[in-house]
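Novice: Let me begin by handing over the structure; questions about it come next.
The values are calculated or read from the model by the stated rules, or taken from the named source; none is laboratory data. Predicted model only: the values in this text are computed from it and were never measured. For neighbour counting, all protein chains shown are included, and Cβ atoms are generated from backbone atoms with ideal geometry for every residue, glycine included. Protein only, heavy atoms only, side chains kept; ligands, DNA and RNA dropped before computing areas. Shrake-Rupley method; radii C 1.70, N 1.55, O 1.52, S 1.80 Å.
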Amino acid sequence: MVLELMSDTYVVRACLVAAVAAVLCAVVGVYVVVRGISFAGDGLSHASLAGAGIAQLVGLPPLWGATGYACLLAASISVLGSGGKLREDARLAVLFTGSMALGFVLLSKQPGGALTGALFGSLLPLSWYDVGTVSAVAAPLLLAISLLRKELVLVAVDEEFAAVTGVRPRWYLLILDLAIACTVVIASKAVGVLLVSSLLVVPPSIALVAVADIGSAFAVSAAVGVGVSLGGVVLSVLCDTPPGATIALVSAVVFVIYMGLHRVSGAQR
């Protein structure tokens, strides 16, 4: 049955995009979980709706608009930093929800289910152009993250210690914020902006519990991410359910099962 499904080009393209998104989310998600900024990643994915809406309004590819807007927003947040009487999380919430509302309004005026696809993902209608575009964004991003892994891990774990060792946290955190912005946009192509946390948080969380060091966590996280994504795509085709929601559901089930087994095995030691 699975081999028969893989002969369908729609399913193949969906699996390729889901796998690319899963690997990227799994790698970047390790930094997100270690830094404890899951809210920022989720918020950026929601905010990218505004960029997608603006891009469609002027006749540009939504992916590029969403990526550009998310990167601009991430850079602004990183450069401006915190300060003032209002807590940073409150300012971010207003910024993210405002951007999402703008995107919702703009995309609701577009034909062809643009809003539904943006919110919950639209894997099956993807073209080879979409596969190439997603890969073209993900490949250099993964390469850059790999080359800067030592510095990024250092600032993600302890900014103050990183500064003492000569690493400039501000610049590396900016790079990391931009990487998160690009990642959540690509992931939203697979699962939609409402469900992007499933790929960005669940695989890294499992990996960081399963292994002792961050270096090994990247590989474990990628394996878990690809597994739940491909499993979700196949299950969605077999059960005729939305791919994005199915991937998110599979990842949640895997997380609950693994954490339950981990707790039971820990209690028996």
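Novice: At 1.4 Å probe radius, can you tell me the per residue accessible area of segment 165-222 in Å²?
Specialist: Here the residues of segment 165-222 average 33 Å² of exposed surface.
Novice: Taking the highest mean first, how do the peptides 23-34, 51-62 order by number of other beta carbon atoms within 10 angstrom per residue?
Specialist: Ranking the peptides 23-34, 51-62 by packing returns 23-34, 51-62.
Novice: On to the next question. With a point put 7 Å past each Cα toward its Cβ, work out how far VAL157 is from ALA139 in nm, to one decimal.
Specialist: Going by the 7 Å Cα→Cβ label model, 3.2 nm.
Novice: How far apart, in nm, are two points set 7 Å out from the Cα along the Cα-to-Cβ line at ASP213 and at TRP171?
Specialist: 2.7
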